[in-house]
Amino acid sequence: MRVIEKKRKVRSDKKRDVKPSLSIKLKECIHRLSYITNTPVKDVAEKICESGVTSNKVMDHLSQFFRRDIRLNNTMYLGDLERESLQRRNKTVKERITIRFSQSTYDDLCSLAYALDVTPTKATALLLEASIKNSEFVHEYIEEYIGSYLDEGRMKELKKVMKFINENNPYDEEFSWAEFIDVLFNEIKVGTSTIKNALTDWIDRNKIE
């Protein structure tokens with residue numbers, strides 16, 4: 001009697017694990033973002049890659065290393081096989097992290113890997129490095145995190161305070177969202193119970209009349 005084996009269906013939303021090797025500094029940076037936003041490392045790294053792969057600014061930077069032609073974000077990038085492969089470049093000490101991607105994001109990473117002529121794992125590491133250096137992403141990510149704790153009125157008030165600080169900064173250095181979060185976490189350590197309370201208290205103390 002012939003036995004027919006049933007193939008197990010693959011879920012359409014199944015995640016794909018990728019374990020890129022990162023420089024210690026890059027790994028620490030991702031862990032720091034994870035800490036200040038109270039978000040798992042794998043989720044932070046996934047968010048960075050999702051943002052980077054759709055960012056023209058990040059793709060324009062990486063395109064200087066493309067060895068094959070590819071269309072990304074409705075832009076055609078030309079590759080050059082004479083360019084050096086990045087697969088084995090950079091011999092610094094590295095450590096792995098684990099990221100889980102949706103199938104669609106993983107497909108984008110595979111396309112990027114094809115253009116760079118590297119493995120998807122290496123492409124993920126290169127994308128993380130290029131994306132994390134994009135200050136716009138870091139500011140938007142932390143701003144979104146802060147906004148999740150505030151109503152619309154308080155968020156507007158906070159932006160006014162940040163604008164005032166930067167316009168009146170005698171050192172000509174921008175006070176970033178990341179630095180603001182650092183201030184809040186220091187306050188939490190000395191007694192404020194939650195990030196929401198710290199945000200509310202800070203805004204009330206620094207409210208601009």
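The values are calculated or read from the model by the stated rules, or taken from the named source; none is laboratory data. Model, not experiment: these values are computed from the prediction. Reconstructed Cβ throughout: ideal geometry from the backbone, glycine too, with neighbour counts over all protein chains shown. Please note that ligands, DNA and RNA were not included when accessible areas were found on the heavy atoms of the full protein model with its side chains. Shrake-Rupley method; radii C 1.70, N 1.55, O 1.52, S 1.80 Å.
Once segment 19-42 is narrowed to residues that are more than 15 Å from the chain's Cα centre (by Cα) and surrounded by 13 or more Cβ atoms within 10 Å (Cβ to Cβ), the residue that is modelled with the lowest pLDDT is SER23.
Residues of segment 43-74 that are among the β-branched types (Val, Ile, Thr), open to solvent by less than 50 Å² (accessible area, probe 1.4 Å) and not in a helix (DSSP H, G or I): ILE70 alone.
Within segment 117-129, one or more residues are over 18 Å from LYS19 (Cβ atoms) and open to solvent by 30 Å² or more (accessible area, probe 1.4 Å).
With a requirement of 1 or more residues that are modelled with pLDDT under 75, surrounded by fewer than 13 Cβ atoms within 10 Å (Cβ to Cβ) and not aliphatic (A, V, I, L, M), the helices (runs of 4 or more DSSP H) lying completely within segment 134-204 that satisfy it span 135-147, 177-189. Within segment 75-102, if we keep just the residues that are open to solvent by 100 Å² or more (accessible area, probe 1.4 Å) and hydrophobic (A, V, I, L, M, F, W, C), the residue that is nearest to VAL44 (Cα to Cα) turns out to be VAL93.
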